[in-house]
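Chemist: Here it is: the structure, laid out below.
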Amino acid sequence: MAVALAAVAATTRSILLRDVDQRVSRLLTQETGEFTNFVDQGVDPRTGTRFTDPARLLEVFLERQYADPDEELIGLVGREGQGPAQFTQRRELSVRHPLRDDGRARREIFAAEGSTGTLKRASGEVRWAKVEVARHGDEPDAAFVVAFHPAAEQAKADDVFRILLLISGVALLLTTGVALPVAGRILKPVRLVRAAAAQLTEQDLTRRIPVRGHDDIAALAETFNGMLDRLERAFAAQREFVDDAGHELRTPITIVRGHLELMGDDPAEREETIRLVTDELDRMSRIVEDLLLLAKAERPDFIAPEPVQLAELTADVFVKARTLGERDWQLAEVADREAVLDPQRITQAMVQLAQNAVQHTTHGQRIRVGSRDTATGTELYVADSGPGVQEQDAEVIFERFRRGTARRGARTSGAGLGLAIVRAIAEGHHGRVCLRPTEGGGATFVLVLEDQQP
Ligand SMILES: Nc1ncnc2c1ncn2[C@@H]1O[C@H](COP(=O)(O)OP(=O)(O)OP(=O)(O)O)[C@@H](O)[C@H]1O
Ligand SMILES: [Mg+2]
C-alpha cells in the first residue's frame with residue numbers, strides 16, 4: 001500500500017509538472033504570436049503610419065500589454081553592452097528576481113541564437129521566447145522577449161505532492177491501526193489451532209479443537225480433528241501391536257530358558273532339550289517373520305500388482321499346497337482369465353489358508369482349492385472338510401494373535417498370525433477375506449478380490 005500510494009503521489013506530481021510545462025509553452029507561443037502580428041499590422045497611434053523605429057514599436061506594444069502572473073514581457077533595443085533601452089509591461093511583477101533587474105541574464109537571452117530556451121539561474125529557472133525585430137550582423141538591434149518564471153507553478157505541484165504524501169501517510173497509519181486488530185480477530189481461530197497442535201504430544205492425542213461456524217477455519221479444524229482421530233488410532237494400534245508382540249515372544253523365551261536351566265549332563269536328555277529349544281526358537285523366528293510382514297502391510301509398496309493368469313496362479317497354489325500334508329487335495333475349479341494382483345502375496349495368503357486347512361483336518365480328508373469369476377471380480381478359496389470354525393470365533397480369528405477356542409483334544413501351536421496376514425493381503429488388494437461353511441461340514445476361507453486397473 002505504501003508503494004502504491006507513493007507511486008500515485010509521484011505520478012500526480014509529474015503530471016502536474018508536465019501540465020505547467022505545456023501551459024508555459026502555449027503561453028510563450030501565444031505572446032510571441034501576438035507580437036509578430038503587431039509587427040506586421042501595428043500602426044503608430046501618433047503618426048498613423050507603420051512603425052519604422054523598433055524602439056518605438058516595442059514601447060507601444062508593451063504599453064498595451066498586461067502580462068499574466070509570473071510572466072515578464074520585455075523589449076530590448078540596441079547593443080546590450082552599451083546599455084540598451086529597455087521596456088517592460090505595465091503590470092507589477094510578483095517574481096522575486098525579475099529579468100529586468102538581471103542584466104547578465106538579459107544579455108544572455110538577447111545574444112542567444114535560438115528563439116526559445118530555458119535559462120538556469122540560482123534563483124530558479126526561466127523559460128523564455130524571443131522575437132527579434134531586426135538583426136544586423138551577429139546581434140539583433142531589437143528584440144521582444146517573453147519570460148516565464150515557472151518556479152511558483154512548480155512549487156504548487158510540489159505542494160500537491162507533499163499533501164498527497166501526508167494523506168497517504170495518515171491513511172497508512174489508519175489502515176495499520178484498523179487492520180491489525182481485524183486481522184488478529186480473523187486469525188484467532190488459526191492461533192487456536194496452532195496452540196492445540198502445540199499441546200499435542202505422542203502420549204496425549206485426545207485433545208480436539210473446538211469447531212465453531214461453517215467457515216474455512218471450521219473446516220480446517222474439522223480436518224485437523226479428523227487427522228488427530230487417525231493419528232490416535234494409529235498410535236493405539238502401534239502400541240497394541242508392540243504389546244502383543246512382546247507378550248507372544250515372551251512365552252518362547254521363557255520356555256527356552258526353562259529348558260536350558262534344567263538341562264542335566266545326560267547326553268540323551270541334552271539332545272532332547274536341544275530339540276525342544278530349537279523347536280521353540282523356530283517358532284519364535286516364524287512369529288518374528290510374520291510380525292515383520294504384518295508391519296510391512298502398512299506400507300504402500302506391500303502389494304505390487306501385475307496382470308496375472310488366474311488359471312496358472314490357482315494351479316501353482318494347488319501344487320504348493322499339496323506338499324503341506326497328505327490330504328485328499330482337489331483342484332475344484334479355475335477362473336480362466338487375467339486379473340491384476342500381486343501373485344506372490346496371493347500365493348502367500350492361499351498357502352496360509354491351506355496350512356490352516358491341513359492343521360484342522362486329518363489324514364485323507366478332503367481339501368479343495370479353486371478360483372472363480374464373480375460379477376465384480378475374482379474369488380480364490382480353500383475349502384476343508386474339518387470341524388469348521390465355531391460360531392463365537394468367526395469374528396475374532398482374523399485378528400492378530402487370536403486363536404479359536406480349542407476343541408477337546410486339539411492342540412494348536414500357531415501364534416494366531418496366519419489369518420491376520422491373509423486379511424492384510426486381501427485388504428492390500430482392496431478386497432476382503434471371509435469365512436463360509438463348506439457343504440457337508442468344514443470351513444471355507446474365501447479371498448474376495450475386486451478387479452483393479454493395472
Ligand atoms: N480351516 C480352519 N478350520 C477351523 N478353524 C480354523 C481354520 N483356520 C483357522 N482356524 C481358527 O482360526 C484361528 C486363527 O488362525 P490363524 O491362522 O490366524 O492362526 P494359527 O493358525 O493358530 O497360527 P499361525 O497361522 O500364526 O501359525 C485358529 O487358531 C483356528 O482356531
Ligand atoms: Mg494359521
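The values are calculated or read from the model by the stated rules, or taken from the named source; none is laboratory data. Because the structure is predicted, anything quoted here is derived from the model rather than measured. Cβ coordinates were reconstructed from backbone atoms using ideal geometry, including for glycine residues, and neighbour counts include every protein chain displayed.
Chemist: For region 248-270, give me each residue that is free of Cβ contacts under 8 Å to residues at least 12 places away in the same chain and either part of a helix (DSSP H, G or I) or within 26 Å of residue 200 (Cβ to Cβ) (or both). Break it down stepwise before answering.
Modeler: Initially, region 248-270 is screened for residues free of Cβ contacts under 8 Å to residues at least 12 places away in the same chain, giving 250-251, 254, 257-258, 261-270.
Result: 250, 251, 254, 257, 258, 261, 262, 267, 268, 269, 270.
Chemist: For region 258-295, which residues satisfy the criterion of being of a type in the set (Gly, Ala, Ser) and either surrounded by fewer than 13 Cβ atoms within 10 Å (Cβ to Cβ) or under 24 Å from residue 418 (Cα atoms) (or both)? Spell out the reasoning first.
Modeler: So the first thing to find is which residues in region 258-295 are of a type in the set (Gly, Ala, Ser), and the list is 258, 264, 268, 285, 295.
The answer is 264, 268, 285, 295.
Chemist: Let me ask another. Show the residue pairs meeting these rules: Cβ distance below 9 Å; 6+ apart or different chains; first residue within region 296-307 and farther than 14 Å from residue 423 by Cβ; second residue at pLDDT below 90.
Modeler: 305/452; 305/454; 306/454; 307/454
Chemist: Right, here's the next one. Residue 174: part of a loop (DSSP other than H, G, I, E, B), free of Cβ contacts under 8 Å to residues at least 40 places away in the same chain and not assigned by TED's automatic domain parsing to the domain that holds residue 75, yes or no? Talk me through it step by step, then tell me what you get.
Modeler: Details: part of a loop (DSSP other than H, G, I, E, B): no; free of Cβ contacts under 8 Å to residues at least 40 places away in the same chain: yes; not assigned by TED's automatic domain parsing to the domain that holds residue 75: yes.
No: the conditions fail for residue 174.
Chemist: Go through the residues of region 406-428 one by one and say whether even a single one is at pLDDT 90 or above, more than 7 Å from ligand 1 (Cβ to nearest atom) and surrounded by fewer than 17 Cβ atoms within 10 Å (Cβ to Cβ).
Modeler: Yes - at least one qualifying residue is present in region 406-428.
Chemist: Out of region 196-226, which residues are loosely packed, with under 12 Cβ neighbours inside 10 Å and hydrophobic (A, V, I, L, M, F, W, C)?
Modeler: Listed by number, the list holds a single entry, 198.
Chemist: Restricting to region 230-250, count the residues that are surrounded by 12 or more Cβ atoms within 10 Å (Cβ to Cβ), more than 18 Å from residue 399 (Cβ to Cβ) and not aliphatic (A, V, I, L, M).
Modeler: 2
Chemist: So, one more: Which residue, of 357, 426, is in contact with a strand residue (DSSP E or B) (Cβ under 6 Å, 6 or more places away or on another chain), within 16 Å of ligand 2 (Cβ to nearest atom) and closer than 18 Å to residue 297 by Cα?
Modeler: Working: 357 fails: closer than 18 Å to residue 297 by Cα.
Sole residue among the options that is in contact with a strand residue (DSSP E or B) (Cβ under 6 Å, 6 or more places away or on another chain), within 16 Å of ligand 2 (Cβ to nearest atom) and closer than 18 Å to residue 297 by Cα: 426.
Chemist: I would also like to ask the following. Among the residues of region 360-386, which ones are within 16 Å of ligand 2 (Cβ to nearest atom) and of a type in the set (S, T, N, Q)?
Modeler: Of everything in region 360-386, just one residue is within 16 Å of ligand 2 (Cβ to nearest atom) and of a type in the set (S, T, N, Q), namely 361.
Chemist: Do any residues in region 23-52 that are free of Cβ contacts under 8 Å to residues at least 24 places away in the same chain have Cβ atoms under 6 Å from those of residues that are part of a helix (DSSP H, G or I) and buried (at least 17 other Cβ atoms within 10 Å of the Cβ), where the two are at least six apart or on different chains, and which pairs are they?
Modeler: 38/61; 51/57
Chemist: Can I ask one more? Can we say residue 244 is of a type outside the set (Gly, Ala, Ser), modelled with pLDDT of 90 or more and either in the same structural domain as residue 344 (by TED's automatic domain parsing) or in a helix (DSSP H, G or I) (or both)?
Modeler: Values: of a type outside the set (Gly, Ala, Ser): yes; modelled with pLDDT of 90 or more: no; either in the same structural domain as residue 344 (by TED's automatic domain parsing) or in a helix (DSSP H, G or I) (or both): yes.
Against the criterion (of a type outside the set (Gly, Ala, Ser), modelled with pLDDT of 90 or more and either in the same structural domain as residue 344 (by TED's automatic domain parsing) or in a helix (DSSP H, G or I) (or both)), residue 244 does not qualify.
Chemist: Can you say whether residue 337 is modelled with pLDDT under 95 and either within 42 Å of the chain's Cα centre (by Cα) or away from ligand 2 (no atom under 16 Å from the Cβ) (or both), as far as the supplied structure shows?
Modeler: On the way: modelled with pLDDT under 95: yes; either within 42 Å of the chain's Cα centre (by Cα) or away from ligand 2 (no atom under 16 Å from the Cβ) (or both): yes.
Against the criterion (modelled with pLDDT under 95 and either within 42 Å of the chain's Cα centre (by Cα) or away from ligand 2 (no atom under 16 Å from the Cβ) (or both)), residue 337 qualifies.
Chemist: Every residue in region 166-213 that is under 21 Å from residue 233 (Cβ atoms) and small (Gly, Ala, Ser), please.
Modeler: Result: 196, 197.
Chemist: For region 302-399, please list each of the strands (runs of 3 or more DSSP E) lying entirely inside it that holds at least 2 residues being within 16 Å of ligand 1 (Cβ to nearest atom).
Modeler: 328-331, 366-373, 377-384
So that you can scan it fast, the table gives a plain yes or no per residue for (1) at pLDDT below 70; (2) in a helix (DSSP H, G or I); (3) within 60 Å of the chain's Cα centre (by Cα):
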position: 52; (1), (2), (3): no, no, no
position: 59; (1), (2), (3): no, yes, no
position: 65; (1), (2), (3): no, no, no
position: 69; (1), (2), (3): no, no, no
position: 81; (1), (2), (3): yes, yes, no
position: 93; (1), (2), (3): yes, no, no
position: 107; (1), (2), (3): no, yes, no
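Chemist: Tell me, yes or no, whether region 399-416 has at least one residue that is in contact with a strand residue (DSSP E or B) (Cβ under 6 Å, 6 or more places away or on another chain) and either in the same structural domain as residue 318 (by TED's automatic domain parsing) or over 22 Å from residue 318 (Cβ atoms) (or both). First the steps, then the outcome.
Modeler: Step one: filter region 399-416 for residues in contact with a strand residue (DSSP E or B) (Cβ under 6 Å, 6 or more places away or on another chain), giving none.
No, every residue in region 399-416 fails to be in contact with a strand residue (DSSP E or B) (Cβ under 6 Å, 6 or more places away or on another chain) and either in the same structural domain as residue 318 (by TED's automatic domain parsing) or over 22 Å from residue 318 (Cβ atoms) (or both).
Chemist: All but one of (1) within 16 Å of ligand 2 (Cβ to nearest atom); (2) more than 52 Å from the chain's Cα centre (by Cα); (3) charged (D, E, K, R); (4) within 27 Å of residue 237 (Cα to Cα) hold for residue 391; state the number of the condition that does not hold.
Modeler: It is condition (1) that residue 391 fails.
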